[in-house]
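What follows is a single structure, written as C-alpha cells, with notes after it.
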Amino acid sequence: MGLISAKQYRESLNDGRVVYYKGEKVDNVATHPDLKVCVDLMALDYELAEDPGYKDLAVVHDAELDEPVSRYYYKPQNAEDLLKAHELIVKATELGDGYIPLAHDIGADALNAISIAAHMTGNQDYINRIEAYRKKLKREDTATCAAVTDVKGNRMLKPSDPDQKHKDFNVRIVDQNEKGIIVRGAKIHITGAAYCNEIFVLPCHAMTEADKDYAVAFAIPVNTKGLRQVCRPFKAHYSPLEFPNTRPVRVHTDSFIIFDDVLVPWDRVFLCGEWKFTGPMVYNFALLHRRTGCSYRVPLSEQLVGGAVAIAEYNGIAKAPHVKEKLTDLLIYLETLKSLAKTACYDYEMRGDIAVPNTISTNMAKYHFAHNYHDVVKTIQDLAGGLLVTAPTYKDYSNPDLKDDIEKYLTANKEISTENRLRMFDLVRRITTADLEVICLHGEGSPIAERMTIFMEGGKVLKRCKQIVEEMAQIQ
Ligand SMILES: Cc1cc2nc3c(=O)[nH]c(=O)nc-3n(C[C@H](O)[C@H](O)[C@H](O)COP(=O)(O)OP(=O)(O)OC[C@H]3O[C@@H](n4cnc5c(N)ncnc54)[C@H](O)[C@@H]3O)c2cc1C
C-alpha cells in the first residue's frame, strides 16, 4: 500500500481508543468538535504527500518494498536526505500556520533511535523486530507519536528509589509471559497521542542496573486494552471577540497517558531490561527529536519576526533607530537558527546505517531558539505597545455606536487601516501565547539538557583549544 489518504487517516481513528477531554470520554476524536481541529492539522501530512507539488519532498521510492513511502520512515543516508527531511518539516509547518502536523516526524525520531540502539545491543531479535516494524509503518503509512517523558515523581530520585512515593512514576515491566510483557506507569505531555495510530514508548533517561525494569521500549496501537489518555484543553476556535478569519485554527493537544497493566506482544518489544542501552536510545532520540524541533521552529520564528515588523510599521515606528536595532536582533535570532539547523545536516555522522545530524549544532539550535524566545516575545510586546492587551474587540468595532470613534482614535500609520492594525494585534496575541512559551522552553527537553549535551560533546573541542594555547606557551 505505501501511502494512505487523509480520508483514510481520519477513518482509522475511530477504533475504540479511550480518550478523555475536559473530563468527558470522547466517542470519536475525528468528529469531536475540538479534537477534530488537531486531527485536521495532522491530516496535513497526508494531504501534502498527495499533492503533486510536494510529492518529491514528502515521498520516497522504497527499493525494498518497490513502492512509494513516506520520507519520514525512510532511513536517511547522507546530508541530502537530512536536508530534505528538514525542508519537508519546514514546508509542512508552513502549511500548518506554524504548527508541525506531526503524523510521522516524532515517531520517526523514535523509530530511528530504537533502530540505532538495537544495532548497538547486537541482539538480532531486536534488530529484526524494529526493521519489521519499520516495514509495517512504511506499508501502512501509520501516524505515530513518541511517549518518552515519564511523570517521574521526585526528579532527584531514581525510579526504583525506595524514597519515591510508589514504583510506577516511570513506565516499567511488571510481568512477562509467553505472549509478551506487561507494563504499568504513566507518560505526560505526549503530543498527538490522541489522534495517531501507534505510540512509541521509550525510557526518558539512562537507567542503572537497579532500574532495569524501567529499561523498556516498545510500540503499541492507541486502542490497546489498558491504555487511557487525558488531553490537555486548548483553544480550538477563534473567539467571537477576534476579527473574523477563515483560515483554519491550527493547534495540537498533548496527553497524559496511563498504562494500566498493558500487554505488549513480543514482536513489539524493542528493549526489555538491557539498562545499558537506555542511555544510547534516549541520547539518540533527543538528538533526532531536537533536529525536528529546529526545523519546525523556522516557520514559527518567521511568524514572530513578521509580527514584529508588521506591528512596528502599523504603529508608524518602523524608521526609529531603536526599532531598527530590535529588528536587527530578531534577524540575527532567525538567521542563526536557520544556519544551525542546516549546518547540523551538512555535518552529519553515520550511526549504524542511519545518518544523524551533528550533535553540537543541533543542540545549539534548540538551545538558541528556546533560550532567546522570551526576549523575542518581549521585543514584539515592546513594539506593539499596550493595545496588545487593551484594544477594543471585534464586537466593539462592529457596534455602530463605537466604530467611528475606534476608527478615528486607534489609527497610527495613516497608510494602515484601523481594522488591519486591530487584526494584527489579534494575530500577535495568538502567536505569543503562554502555551507556546512553555513548549518552546521544554519541548524536546529543558534547556539544561541541551547545555549538558553541548558540554559533553564539546569535550574534544575544549581539549584541542587548550592544546593550542599550551603549544603557544611552550608548556611541555
Ligand atoms: C507542549 C509540550 C509538548 C511535549 N511533547 C512531548 C512529546 O510528544 N513526547 C514526549 O515524550 N515529551 C513531550 N514533552 C515533554 C518535554 O520533553 C518535557 O517537558 C521536558 O523534557 C521537561 O520535562 P518535564 O516537563 O517533566 O519538566 P521537569 O523535568 O519537571 O523540569 C522542570 C525543571 O526541573 C529541572 N530538573 C528536572 N530533573 C532534574 C534533576 N534530576 N536534577 C535537577 N534539575 C532537574 C529541569 O531542568 C527544569 O528546569 C512536551 C512538553 C511540552 C511542554
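For the chain, the fraction of C-alpha pairs more than 39 angstrom apart is 27%. Using C-alpha pairs under 8 Å with a sequence gap of at least 6, the mean separation divided by the residue count of the chain gives a relative contact order of 16 percent. Taking each residue as 0.36 nm, the span from ILE188 to ALA318 lengthens on full extension beyond its C-alpha to C-alpha distance by 42.5 nm.
Using C-alpha pairs under 8 Å with a sequence gap of at least 6, the mean separation divided by the residue count of segment 171-304 gives a relative contact order of 35 percent. For segment 1-145, the equivalent ellipsoid built from the Cα gyration tensor has semi-axes of 27, 20, 14 Å, listed from largest to smallest. In this calculation the C-beta distance from ASP125 to SER239 is compared with R0 = 41 Å, giving a FRET efficiency of 0.15. Rolling a 1.4 Å probe across all protein chains gives ASP404 an accessible area of roughly 120 Å². Considering only protein heavy atoms and a probe of 1.4 Å, how much of the accessible area of the chain is carbon and sulfur, as a whole percent? Using a 1.4 Å probe with all protein chains present, the chain comes out at 54 percent carbon and sulfur.
Structure note, pairs LYS7/LYS55; LYS25/LYS225; LYS342/LYS466; LYS36/LYS84: Cα-Cα distances above 25 angstrom occur for LYS342/LYS466; LYS36/LYS84. Overall, segment 352-476 carries a charge dipole of about 340 debye about its Cα centre when +1 sits on the Cβ of Lys and Arg and -1 on the Cβ of Asp and Glu, all other atoms neutral. The loop-placed trypsin sites (Lys or Arg not before Pro) in segment 200-274, going by DSSP, that have at most 15 neighbouring Cβ atoms within 10 Å of their Cβ come out as LYS225, LYS235.
Summarising the label geometry, the points placed 7 Å from Cα in the beta-carbon direction at ASP27 and GLN474 lie 8.7 nm from one another.
If R0 equals 30 Å, the separation of the Cβ atoms of LYS276 and VAL461 corresponds to a calculated FRET efficiency of about 0.65. Here is the size of segment 132-284 from its Cα atoms: Rg then Dmax, 17.5, 60 Å.
Stretched out straight at 0.36 nm per residue, the stretch from GLU325 to GLU94 would grow longer than its current Cα-Cα span by 80.5 nm.
Could you give the longest part of the chain that holds none of the GluC sites (Glu not before Pro) found in DSSP loops with at most 11 neighbouring Cβ atoms within 10 Å? The segment 179-414 is the longest one with no such site. With a ≥ b ≥ c taken as the square roots of the eigenvalues of the C-alpha gyration tensor of segment 280-471, please select rounded if a/c is under 1.5 and otherwise prolate if a/b is larger than b/c or oblate if it is not? Here segment 280-471 falls in the prolate category. Here the spin labels are modelled as points 7 Å beyond Cα on the Cα-Cβ line, and at ALA434 and ASP51 they lie 3.4 nm apart. Working from label points 7 Å from Cα in the Cα-to-Cβ sense, the HIS371 to GLU67 distance is 4.7 nm.
For the pair ASP163 and TRP266 in one chain, pulling the backbone fully straight at 0.36 nm per residue adds 33.9 nm over the alpha carbon distance.
The values are calculated or read from the model by the stated rules, or taken from the named source; none is laboratory data. Keep in mind that this is a model prediction, so the values were computed, not measured. Neighbour counts are summed over all protein chains in view; Cβ atoms, including those assigned to glycine, are modelled from backbone coordinates with ideal geometry. What goes into the accessible areas is simple: the full protein's heavy atoms, side chains included, and nothing from ligands, DNA or RNA. Shrake-Rupley method; radii C 1.70, N 1.55, O 1.52, S 1.80 Å.
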